[in-house]
Ligand code: AQP
């Protein structure tokens, strides 16, 4: 199957990005044609520093490699280098009803979070994302739960395009994990963990052991003192139990038994240890690849060359169908 997914170079990757999406990317690269994109055009929709963006793009590539992507097995490139993304987004804009965009959860959340910067790009984000996916005619899109609505819109736009102009696209499916699809913030377990939030709410993949321990020990918990998985009554401890379970392969029921009679502090201490050990190889690889900037730039260059070929072919087809050639 052809796979496409993207990540914004907005900040360091956190365990939510990893457990919800990147872990799947790594597994899928073994037996599929995978195209992974640093979606820098999407990242422009929230406040950012142009001087820092190039470094952030390269840091994101390093993070993906440290997390297990192999540039020999998948295409890794930066979205802005392939102009067809913006071109297809514009064409899809002309068939996308405005109402579909106004009801998107991410748009509503980010308009609240960045009140002084509610730009058209923020509203149009899902159409650009639809363009990203359809440009490569991907069949599967491994994402976290928060992106499900956008993949659904991509399916709608593919269907509309085919009906209006003739068949070009298949409808892609979102690949969402049963567990880990929505890791919650450590400070507010009712909100998803998000890299543009306070650093205390996220465990970043390359956090130092002391930082991991400090953040986990300070993570919000719930009233009562039992280590029990109950999303409605105990969202804080349930989120921590889910992270523990995903990193160790133990079920949440097994963990409840293991920690019966223990207090939150003991459980958190154990989780911090699990995290520190799990992320140790990530930290090592990150240090190694951060020092190899020429190699990282070469990955982006080669990735863009491969992506360009596919993108051009699709755009030719799209333009022909739309009467533009
Ligand atoms: N908390 C999460 N749990 C599970 N999966 C998550 N993803 C994001 N947050 C969680 C998935 O990670 C992939 C890459 O995310 P992104 O860079 O496209 O941005 P995002 O979804 O907007 O994630 P963030 O961390 O909240 O970034 P900012 O703060 O920059 O907006 C996606 O597949 C996403 O579903």
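Just so you know, all these numbers are worked out from the coordinates, no wet-lab data involved. Because the structure is predicted, anything quoted here is derived from the model rather than measured. Counting neighbours? That spans all protein chains shown, and the Cβs are built from the backbone with ideal geometry, glycine included.
So how far, in whole Å, is the C-alpha centre of region 1-48 from the one of region 217-294? The distance from the Cα centre of region 1-48 to that of region 217-294 comes to 23 Å. The length gained by stretching the chain between residue 90 and residue 257 to full extension, at 0.36 nm per residue less their Cα-Cα distance, is 54.7 nm. Simple spin-label estimate for residue 294 and residue 55 gives 2.1 nm between the two label positions (7 Å along the Cα-to-Cβ direction from each Cα). As a rough guide to protection, the peptides 234-245, 257-268 ranked by mean Cβ packing within 10 Å, highest first, stand as 234-245, 257-268.
Under Stokes-Einstein, with the Kirkwood radius over Cα pairs as Rh, the value for region 1-125 at 10 °C and 1.306 mPa s is 100 µm²/s.
Here 62, 168, 120, 151 are placed in order of increasing Cβ neighbour count within 10 Å, fewest first, which gives 120, 168, 62, 151. Fully extending the segment from residue 198 to residue 223 would add 6.7 nm, taking 0.36 nm per residue of separation and subtracting the current Cα-Cα distance. The largest-to-smallest principal axis extents of the Cα set in the chain are 70, 44, 40 Å. Measuring r between the beta carbons of residue 117 and residue 145 and using R0 = 30 Å, the FRET efficiency lands at 0.75.
Using C-alpha pairs under 8 Å with a sequence gap of at least 6, the mean separation divided by the residue count of the chain gives a relative contact order of 22 percent. Placing a pseudo-label 7 Å from each Cα along the Cα-to-Cβ vector at residue 324 and residue 309 gives an inter-label distance of 2.3 nm.
With the convex hull of its Cα atoms as the shape, region 70-125 has an orientation-averaged projected area of 5.7 nm². Legend: P(r) of region 146-250 from all alpha carbon pair distances, 10 Å bins from 0, whole percents, reading 13, 34, 25, 14, 11, 3, 0. Its convex hull of Cα atoms gives region 121-171 a direction-averaged projected area, equal to a quarter of the hull surface, of 3.6 nm². Based on DSSP H segments of at least four residues, each scored -39500 (n - 2.57), the chain has a per-residue ellipticity at 222 nm of -16500 deg cm²/dmol. Cβ-Cβ distance of residue 316 and residue 100, R₀ of 25 Å, FRET efficiency by 1/(1 + (r/R0)^6): the value works out to about 0.40. When each of 274, 296 is scored by the number of other beta-carbon atoms lying within 10 Å, the sequence from fewest to most is 274, 296. Put in order of Cβ neighbour count within 10 Å, fewest first, the listed residues 280, 273 become 280, 273. Over the C-alpha atoms of region 3-72, the Rg to Rh ratio, Rh being the Kirkwood estimate, stands at 0.97.
For residue 211 and residue 165, the difference between the fully extended length at 0.36 nm per residue and the C-alpha to C-alpha distance is 11.2 nm.
Normalising by residue count, region 206-287 has a Cα convex hull of 82 Å³ per residue.
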